[in-house]
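*Asks:* Right, I'll just put the structure down here and ask away after.
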Amino acid sequence: MVKVRVILAIFSLIISQQVNAEEKCQFFDDKVSDRLIQYIKDSDLRAAKLLVDELESICDYGNRNTEQDVLIDIGWLFIFNHDFIYPPKEPIDVDGLADRIRLLPRRYRLISYSVLAEHYILTGDFSDVLNVTNFIENEQRSSLVNSDSNYIYINLSYIYSLVGFTKLAEDYAKKAYEHATSPIEQLRSLIVFQNLRYLHSGEEESGEEELRTEITRLITEITSSIVRAEGYSILTEAELENGDYFSAKEWLEKALTDTKKNGASRHHLNLLITKAELAIKNSEYQEALSTLEDIHGYPLTKIRDFTKVRLFSLEAKVYQYKGDFEGALNLARAEMSLSSEINRKLNDAVVADLLARYNSSEKEREIATLQQEKQLQKTLNSQQKQLILNYILGVATLTLLLLILFILFWRKRKSASHFEYIASYDQLTQVLNRRAINKIAEEKFKSSTLSDFVVAIADIDFFKAINDNYGHNIGDEVLKQFALCAKSVMRKSDYLGRWGGEEWLLLFSDAKPQELRDFYSRLQKSLSALEIDNHTLKITFSMGAVSSSQYSNFADALNEADKLLYKAKNNGRNRLVTSNGEI
């Protein structure tokens, strides 16, 4: 009896705590959401930290599917973008955040997408940056709310300047200044203008002195430490251009004070690197060494690639000053290697984005061409009573125009085929990538004229152990060999694509059960003794397969094939499992 009373008491306590938490979280209304978004727009890091901490402590944070949870994630992401030392209590699902932002009311989406884009810039995920940028532009075009325009245009200008779309960056910078309604928005806009001028540092610019004077005035009128620090940084660069090292140092110290006061560790670290660079440039090596000690007080394993490049360059100069030329050379090589990797990612992202933009604009050009031809035809019909010479000249003009359009279209098509290959094939294994084979599978299901086909998912067994034991280079070679061996035993009518990691999607046209078993056996044999870099590896794989005739859409077939794959894994791996049983 006593035990029952104790259990009931504990249960009542848990229920009361849940009710209290729900009552407390009811204050998270539109006014609180508006406050959080305003803190983000104003770069008020301290206020954002206090509010997000409070919301996370009293609400049932972690469900991830409510508007409140999405806003808390956006708040944490904004904080992390500026302060990498201040971790959230729960890990943020960044990969799914773009989709979950759609749960938010329209007035919050633009700011949220901008915060996500800034995070992707920091992590070097440039493809995701450009994808989110498209979301922002689409939302901005359809939005009737203009209060966020300055903030959005500033972010778009920064993103496009980063990827080299200078004209777009300049256009958005002008729009940002036109929509600035407060001192903080005016200061941000001027900072964007000045940064764009530094991209063209070799050109003569008018109004430089007036611009710096205006930045200095606006700094005194705002309270946001982060934006003030950005203004101080611009003034530091301006004084360096004028050759005034001591004035530059004074502005830099003010920026360091603001970022330290506000806990903006990411900005503070970059400013410390700038301080050390200035000290080396002015031959103040002891101050550079002292500043470098401050820099190493940060958890440098958490810094992003852009900052690592600057730090490698700085440390190489310090090693050179100390006389450790081998260490300086190693750091210089590390800087060059990381810079090349950043540029490669950036170029890949830009190519993919250009391809997407090209495909989108191609339809617009075709419509414009048809409209132009229609207009020309109307003109010819209205001029039938004119002299025969004018008629001939009109026909000749139309023919020449069509010839030019055909030549332009043919050239565009030729270049588009190259972009299409890049966008459709996996760079490592040279087989179809996930997007391309997913599109083929969807089209096969939509076409009623095609016969039944088999959808299969394959996964290389113990692939992580291969990477751990032999290194990622050997792991990459295993992926290449799997792709080569699979293609060698597949028919021309079948498709192979890399679904992700060591997972593969296979489509077999009109395949009988015995043909599927024969394929599996032949591929098993091909992989049983691979010679890679003086290593003899026995590679096995598991596969789940279903017939398309049993499903109305690709997603359902894929889901069932995936279940059969896991069944093969759970039954000991190195086997094929179909809807008819294990083979």
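The values are calculated or read from the model by the stated rules, or taken from the named source; none is laboratory data. Keep in mind it's a predicted model, so treat the numbers as computed, not measured. Glycine gets a Cβ as well: all are built from the backbone with ideal geometry, and neighbour counts include every protein chain shown. Surface accessibility is based on the protein's heavy atoms, side chains included, excluding ligands, DNA and RNA. Shrake-Rupley method; radii C 1.70, N 1.55, O 1.52, S 1.80 Å.
*Asks:* Tell me, which helices (runs of 4 or more DSSP H) lie completely within segment 264-323 with 1 or more residues that are open to solvent by 40 Å² or more (accessible area, probe 1.4 Å) and over 20 Å from THR236 (Cα atoms)? Write out each step before concluding.
*Replies:* Details: elements: 265-281, 285-295, 305-322.
Ranges flagged: 285-295, 305-322.
*Asks:* Of the numbered conditions (1) more than 19 Å from LEU428 (Cβ to Cβ); (2) of a type outside the set (Lys, Arg); (3) open to solvent by less than 60 Å² (accessible area, probe 1.4 Å); (4) assigned to a helix (DSSP H, G or I), GLN481 satisfies every one except a single condition; which is it?
*Replies:* (1)
*Asks:* Also, I was wondering about something else. I need every pair where a residue in segment 241-268 that is more than 15 Å from ASP83 (Cα to Cα) has its Cβ under 6 Å from the Cβ of a residue that is aliphatic (A, V, I, L, M), sequence separation at least 6 or different chains.
*Replies:* Matching pairs, first to second residue: ALA248/LEU240; TRP251/LEU235; ALA255/ALA229; ALA255/LEU271.
*Asks:* Of the conditions (1) on the phi < 0 side of the Ramachandran plot; (2) open to solvent by 60 Å² or more (accessible area, probe 1.4 Å), PHE463 clears all except one; give me its number.
*Replies:* Against the list (1) on the phi < 0 side of the Ramachandran plot; (2) open to solvent by 60 Å² or more (accessible area, probe 1.4 Å), PHE463 comes up short only on (2).
*Asks:* Considering only segment 251-263, state which residues are open to solvent by 40 Å² or more (accessible area, probe 1.4 Å), of a type outside the set (Asp, Glu) and farther than 24 Å from LYS49 by Cβ.
*Replies:* Here is the first cut: in segment 251-263, the residues open to solvent by 40 Å² or more (accessible area, probe 1.4 Å) are 251, 253-254, 257, 260-261.
Adding the requirement that they be of a type outside the set (Asp, Glu) leaves 251, 254, 257, 260-261.
The answer is TRP251, and nothing else.
*Asks:* I would also like to ask the following. Give the residues of segment 545-583 that are in contact with a helix residue (DSSP H, G or I) (Cβ under 6 Å, 6 or more places away or on another chain), open to solvent by less than 60 Å² (accessible area, probe 1.4 Å) and assigned to a loop (DSSP other than H, G, I, E, B), sorted by residue number.
*Replies:* TYR551, ASN553, ARG575
*Asks:* Something else about it: For the subset of segment 97-130 comprising residues that are polar (S, T, N, Q) and open to solvent by less than 10 Å² (accessible area, probe 1.4 Å), which member is farthest from ALA169 (Cα to Cα)? Reasoning before the result, please.
*Replies:* Of all residues in segment 97-130, those polar (S, T, N, Q) come to 112, 114, 123, 127.
Cutting the leftovers down to open to solvent by less than 10 Å² (accessible area, probe 1.4 Å) gives us 112, 114.
Working: SER112: 20, SER114: 15 Å.
Taking the candidates together, the pick is SER112.
*Asks:* When residues of segment 232-250 are filtered for being touching a helix residue (DSSP H, G or I) at 6+ places or on another chain (Cβ under 6 Å) and either within 19 Å of SER43 (Cα to Cα) or open to solvent by 50 Å² or more (accessible area, probe 1.4 Å) (or both), how many remain? So that I can check it myself, show each step before the final result.
*Replies:* Step one: of segment 232-250, the residues touching a helix residue (DSSP H, G or I) at 6+ places or on another chain (Cβ under 6 Å) are 232-236, 238-240, 247-248.
Remaining after also requiring either within 19 Å of SER43 (Cα to Cα) or open to solvent by 50 Å² or more (accessible area, probe 1.4 Å) (or both): 232-234.
Matching residues across segment 232-250 total 3.
*Asks:* Which is more than 22 Å from LEU168 (Cα to Cα), more than 31 Å from the chain's Cα centre (by Cα), open to solvent by less than 50 Å² (accessible area, probe 1.4 Å) and modelled with pLDDT of 80 or more, of ILE219, ILE226? Full working, then the answer.
*Replies:* Numbers: ILE226 fails: more than 31 Å from the chain's Cα centre (by Cα).
Within the list ILE219, ILE226, the selection yields ILE219.
*Asks:* Looking only at segment 493-537, which residues are modelled with pLDDT under 90 and basic (Lys, Arg)?
*Replies:* LYS512
*Asks:* Return a yes/no flag: does segment 427-450 have any residue that is surrounded by fewer than 13 Cβ atoms within 10 Å (Cβ to Cβ) and closer than 27 Å to GLY572 by Cα.
*Replies:* No - not one qualifying residue is present in segment 427-450.
*Asks:* Go through segment 484-511 and count every residue that is open to solvent by 40 Å² or more (accessible area, probe 1.4 Å) and under 21 Å from PHE445 (Cα atoms).
*Replies:* Total satisfying the criteria: 6.
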